[in-house]
Amino acid sequence: MGEVLTVSGSSPLKDAEFDAVAQDYRAQHAHSTGVSEDSLDYFARYKIEYVQQLWREKRRTPRVIMDFGAGIGNALAPMHAAFPEAEIIALDVSRASLDLVDAQAIPHVRTLAYDGLHVPLPDASLDCIFIACVFHHIPAEHHIALLKELRRVLRPDGVLVLFEHNPLNPLTRLAVARCEFDRDAVLIGAGEMHRRLRAGGFIRTKRQFCLFFPPVLALLRPLERVLGWLPLGAQYHLVGT
């Protein structure tokens with residue numbers, strides 16, 4: 001749901017569960033994190049700015065991007081602003097959430113429903129896959145298979161960027177505990193998620209901790225470049241190619 005996607009056992013994702021929270025997702029998320037709904041946009045922009053910097057370093061622009069578990073589309077407006085010419089695929093199991101994405105009418109964004117097990121796209125069809133705090137809702141036994149599926153649809157020179165909550169951060173654990181739609185969440189350590197990424201076929205990988213400063217201290221964000229090794233950030237990100 002913008003940062004939510006779940007699997008139940010070996011069955012498809014429980015789309016109805018997230019259909020039920022689509023309309024008030026932002027309010028619930030804001031309550032659990034203790035910030036205003038407007039401040040939630042800061043976290044989405046933060047992530048997209050990082051992805052944009054990665055592509056600047058590659059000196060090229062992605063043509064097709066997929067937001068895996070896009071939910072109600074929190075990241076899609078900043079993603080389009082960062083990559084205005086790219087086709088953006090918003091993938092999710094919740095049709096109600098994707099209907100809210102469609103209602104935003106963001107240029108070059110198309111929604112795609114997903115059964116939770118198989119990505120309905122051809123091999124090597126994506127330049128970039130963006131994942132914002134999704135895997136902690138997916139049972140661990142499905143992780144490697146799903147990562148292999150994502151590797152299948154990513155071009156050989158493509159990039160996967162995965163953000164997850166850091167279970168070593170006490171404020172993150174508190175926010176997750178307070179959030180109704182996180183009641184099934186199992187937080188994943190950065191080292192373990194990195195291992196699963198490599199097991200899914202991503203050979204060149206890197207990890208870094210992030211979100212050390214809340215929105216009110218955004219001016220301190222440049223310090224994160226030297227703090228990325230410190231496992232105390234609210235989240236971490238993994239890059240796989």
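The values are calculated or read from the model by the stated rules, or taken from the named source; none is laboratory data. What you see is a predicted model, and the numbers here were worked out from it, not measured in a lab. Positions of Cβ are backbone-derived with ideal geometry, glycine not excepted, and every protein chain shown enters the neighbour counts.
Of all residues in the stretch 66-84, those that are touching a Leu at 6+ places or on another chain (Cβ under 6 Å) and assigned to a strand (DSSP E or B) total 2. Being of a type outside the set (Ser, Thr, Tyr) and at pLDDT 95 or above narrows it down to one residue among Arg173, Arg183, Arg152; which is it? From the options Arg173, Arg183, Arg152, the qualifying one is Arg152. Of the residues making up the stretch 96-124, those that are part of a loop (DSSP other than H, G, I, E, B), under 18 Å from the mean Cα position of the chain (by Cα) and more than 15 Å from Arg152 (Cβ to Cβ) are Asp115, Gly116.
Taking the criterion of being of a type in the set (A, V, I, L, M), modelled with pLDDT of 95 or more and either surrounded by fewer than 18 Cβ atoms within 10 Å (Cβ to Cβ) or under 15 Å from the mean Cα position of the chain (by Cα) (or both), the residues of the stretch 77-95 that qualify are Ala77, Met79, Ala81, Ile88, Ile89, Ala90, Leu91. Close Cβ contacts (under 6 Å, 6 or more residues apart or on different chains) running from residues in the stretch 171-187 that are farther than 11 Å from Ala234 by Cα and in a helix (DSSP H, G or I) to residues that are modelled with pLDDT of 80 or more and of a type in the set (Phe, Trp, Tyr) are absent.
Among residues of the stretch 94-118 that are under 15 Å from Phe130 (Cβ atoms), those with a Cβ under 7 angstrom from a residue that is among the polar types (S, T, N, Q) and not in a loop (DSSP other than H, G, I, E, B), sequence gap 6+ or separate chain, pair up as Val101/Thr111.
Counting residues in the stretch 225-235 that are among the polar types (S, T, N, Q), part of a strand (DSSP E or B) and under 24 Å from Ile72 (Cβ atoms) gives one or more. Filter the stretch 50-65 down to residues that are among the polar types (S, T, N, Q) and in a helix (DSSP H, G or I) and give me whichever is farthest from the chain's Cα centre (by Cα). Per the criteria, the residue is Gln53. Residue under question is Leu223, and the condition is that it be in contact with a strand residue (DSSP E or B) (Cβ under 6 Å, 6 or more places away or on another chain) and under 17 Å from Gln53 (Cβ atoms); does it hold? No. Listed by first and then second residue, the pairs linking a residue in the stretch 125-143 that is at positive phi to a residue that is outside any strand (DSSP E or B) and crowded, with 21+ Cβ neighbours inside 10 Å, with Cβ atoms under 7 Å apart and 6 or more places separating them unless they lie on different chains, are Cys133/Glu3.
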